[in-house]
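For reference, the structure discussed in these notes is given below.
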Amino acid sequence: MTILNADAVSAGYHDHPVVHDFTLSVEPGQMTAILGPNGAGKTTTLLTLAGVLKPLAGSVQMYGKPAPKSLHARAREGLAFISETRSVFMELTTLENLKVGQCDVARALDIFPELKPLMSKPAGLLSGGEQQMVTLVRALTRNPKILLIDELSLGLAPKVVERLLDEVRRAADESKIAVVLVEQHINQALSRVDEAVVLRRGRISLRGRAGELRNQKGRIQDAYLSH
Ligand SMILES: Nc1ncnc2c1ncn2[C@@H]1O[C@H](COP(=O)(O)OP(=O)(O)OP(=O)(O)O)[C@@H](O)[C@H]1O
């Protein structure tokens with residue numbers, strides 16, 4: 001069953017489209033990456049899938065029906081959205097951050113045991129990677145049906161990027177969460193997702209199975225360079 005579907009979506013700001021004719025469909029347990037250079041329209045696309053932006057044309061469906069209009073209403077139907085801005089409360093401890101997210105703390109520590117010694121530390125003193133572990137685990141323990149992630153690994157070291165993406169992959173496999181993620185780390189993303197689309201100036205310039213795209217690095221680079 002298709003969990004989320006975007007049908008010929010155009011999206012943008014003040015009636016001016018910056019994303020055109022975007023089509024995507026995601027199944028349970030399937031991970032899709034949205035790749036592309038700066039300004040290609042990745043965040044705009046994700047905001048539209050999340051219900052933060054209204055499509056200027058086309059439509060978004062959840063479970064085969066028109067998706068509820070707002071992010072809040074989509075969240076009630078099982079959508080979780082991790083946006084580009086870090087969402088931890090810096091002055092609260094790690095434990096308090098997890099509790100604010102109403103997450104199952106024991107389960108959170110099963111997923112990221114690294115957080116165990118950091119529970120009483122203010123989140124503002126955690127590393128960027130540790131903060132993103134808190135953000136990710138809060139979303140995962142809410143048992144979403146679909147998880148949209150905008151640049152989870154922005155500015156993080158490759159090892160940390162891999163650690164985070166591996167947990168997203170595990171959640172997709174074990175809990176059948178459908179995942180759409182925007183990612184700048186192309187290689188790390190392509191070795192974990194099932195499918196990818198490459199945006200260039202707001203349009204899909206390349207799409208396919210991750211395994212095939214890994215062999216077409218030149219074409220992906222073209223999309224980035226001809227920006
Ligand atoms: N709030 C906004 N109002 C007007 N235009 C915007 C707004 N946000 C983004 N844009 C424009 O929309 C286009 C696509 O931006 P978007 O942030 O979706 O790209 P992106 O691929 O996510 O880029 P990046 O990788 O740099 O985050 C850009 O030309 C950008 O300037």
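The values are calculated or read from the model by the stated rules, or taken from the named source; none is laboratory data. Fair warning: this is a prediction, and the values are worked out from it, not measured in the lab. Here the Cβ is made from the backbone with ideal geometry for all residues, glycine too, and neighbour counts use every protein chain on show. Just so you know, the surface numbers come from the protein's heavy atoms only, side chains and all, with ligands and any DNA or RNA stripped out. Shrake-Rupley method; radii C 1.70, N 1.55, O 1.52, S 1.80 Å.
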When segment 64-113 is checked residue by residue, the ones that are at positive phi and either touching a Phe, Trp or Tyr at 6+ places or on another chain (Cβ under 7 Å) or open to solvent by 60 Å² or more (accessible area, probe 1.4 Å) (or both) are Gly64, Gln102
Of the candidates Gly29, Gly41, Gly51, Gly58, the one satisfying the condition of being within 11 Å of the ligand (Cβ to nearest atom) and either modelled with pLDDT under 95 or among the small types (Gly, Ala, Ser) (or both) is Gly41
Pairing a residue in segment 150-161 that is free of Cβ contacts under 8 Å to residues at least 24 places away in the same chain with any residue that is away from the ligand (no atom under 15 Å from the Cβ) and open to solvent by 40 Å² or more (accessible area, probe 1.4 Å), where Cβ atoms lie under 9 Å and the two sit 6 or more apart in sequence or on different chains, gives none
Matching residues in segment 23-80 (in a strand (DSSP E or B) and not basic (Lys, Arg)) number 18
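Residue by residue, here is whether (1) touching a helix residue (DSSP H, G or I) at 6+ places or on another chain (Cβ under 6 Å); (2) farther than 30 Å from Ile204 by Cα; (3) of a type outside the set (S, T, N, Q) holds:
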site	(1), (2), (3)
Glu27	no, no, yes
Ser59	no, no, no
Tyr63	no, no, yes
Cys103	yes, yes, yes
Phe112	yes, yes, yes
Taking segment 117-146 and keeping only residues that are within 12 Å of the chain's Cα centre (by Cα) and farther than 25 Å from Leu92 by Cα, one is left with Ile146
Flagged in segment 64-90 as more than 18 Å from Gln132 (Cβ to Cβ) and not small (Gly, Ala, Ser), in numbering order, are Lys65, Pro66, Pro68, Lys69, Leu71, His72, Arg74, Arg76, Glu77, Leu79
Of the listed residues (Val168, Val180, Val193, Val161), the one being crowded, with 21+ Cβ neighbours inside 10 Å and out of contact with any strand residue (DSSP E or B) (no Cβ under 9 Å at 6 or more places or on another chain) is Val161
